[in-house]
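The values are calculated or read from the model by the stated rules, or taken from the named source; none is laboratory data. Nothing here was measured: the structure is a model prediction, and the numbers come from that model. Ideal geometry is used to build each Cβ from the backbone, glycine not excepted, and the neighbour counts take in all protein chains shown.
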Amino acid sequence: MIFTILVCVEIILFVIWFVYKIIGMIHRHKVLTSIVILGAIYLMISGHSNNMVNTSSQKNNTPVNTVHDDSSAASDYSDAGLSVGSSLVLYPGDNCYETGADGHRITLYNNGNAIDPTYQQLVSFIKSDDTDKVPSNYSNFECADFAERVHNNAEAAGYKCAWVDINFINNGAVHACNAFETIDHGLVFIDCTNYGNLDNDKIVDLKVGRGYSPEGIGDCCYVYYSMGIVKNYQVYW
C-alpha cells in the first residue's frame, strides 16, 4: 500500500512539472518538443501501471496443484478453474483436460466446508463408500472415473480429497488415485479402482522412482502386483 502511494505521488509530481514545461513550450510555439514530452509522460504512466498490476497478480497467485517428477523436484501451478465449486482437471501449461473412460471431462466438486480427516475417519469413509464396487470397464468406467467419484463423494461427506494423476516409466502407462491430508498420519494415497475383488479399497505408498504396489486397507489381505515404476505424479485439490 505504501509503495503504491509513493508511486502515485511520484507520477503526480512529474505530471505537474511536465505540464508546466509544456505550457511554456507551447507559448513559445515549440510544438514538436511538446509532443515528445507528452509521449514520454504516456510511456512513464503505462510502465508504472503495468508494474503495479504484475505485483498484485503475484501476491494473489495461490498454488493449488503440485507436480512431482523423477528429479524429485516439486513445482507449483495455479489454475483458477481448480477452486471451491465445480472444477475441471486441467494439465497445467498443456491446455488439455483429463477425461473418463466414456470421454467426459473429469470434474471435481469441492466443498468449501470440508476438513482434513483423521486416519481413522479416512478409513471409515473409504470402507463405507461403494465406489470400489463399481465394475471396471475400459469403455465406461476406469481409474480416472473411480478417482473422480471418490473425490466427489469424500468432499460431499465433508472431507478434503485430491485427485491424483500418475505416470509410469514403462510404456507411457498412466493411472489415477486419490489423496487425503490426514491430521495425524500426513498425506495418504488411496486407490479404489475395482480389480475384481470383493474389497478393492487400497492404500498406496506413492513415491517417484518406486513401484506402484497397492495394499488392502485394514484387515483386507489382497496382494497386488506393481503396476510399474512411478515417473511422476500430480496432485489436484
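Answer yes or no as to whether Ala101 is hydrophobic (A, V, I, L, M, F, W, C) and touching a helix residue (DSSP H, G or I) at 6+ places or on another chain (Cβ under 8 Å).
Values: hydrophobic (A, V, I, L, M, F, W, C): yes; touching a helix residue (DSSP H, G or I) at 6+ places or on another chain (Cβ under 8 Å): yes.
In short, yes.
Check Tyr109, Tyr138, Tyr119 and return the single one that is free of Cβ contacts under 8 Å to residues at least 60 places away in the same chain and in contact with an Asp or Glu (Cβ under 7 Å, 6 or more places away or on another chain). Let's see the steps before the verdict.
Details: Tyr138 fails: in contact with an Asp or Glu (Cβ under 7 Å, 6 or more places away or on another chain); Tyr119 fails: free of Cβ contacts under 8 Å to residues at least 60 places away in the same chain.
Answer to the selection: Tyr109.
Go over the candidates Lys160, Lys202 one by one and state the one that is within 19 Å of the chain's Cα centre (by Cα) and basic (Lys, Arg). Lay out the reasoning, then the answer.
Details: Lys202 fails: within 19 Å of the chain's Cα centre (by Cα).
Among Lys160, Lys202, only Lys160 is within 19 Å of the chain's Cα centre (by Cα) and basic (Lys, Arg).
Which strands (runs of 3 or more DSSP E) does region 105-211 wholly contain that include 2 or more residues that are touching a Leu at 6+ places or on another chain (Cβ under 6 Å) and not hydrophobic (A, V, I, L, M, F, W, C)?
Details: elements: 107-110, 162-168, 174-182, 186-191, 202-204.
Per the criteria, 174-182.
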Run down Phe146, Phe125 and say which single residue is aromatic (Phe, Trp, Tyr), assigned by TED's automatic domain parsing to the domain that holds Asp199 and surrounded by 22 or more Cβ atoms within 10 Å (Cβ to Cβ).
Phe146
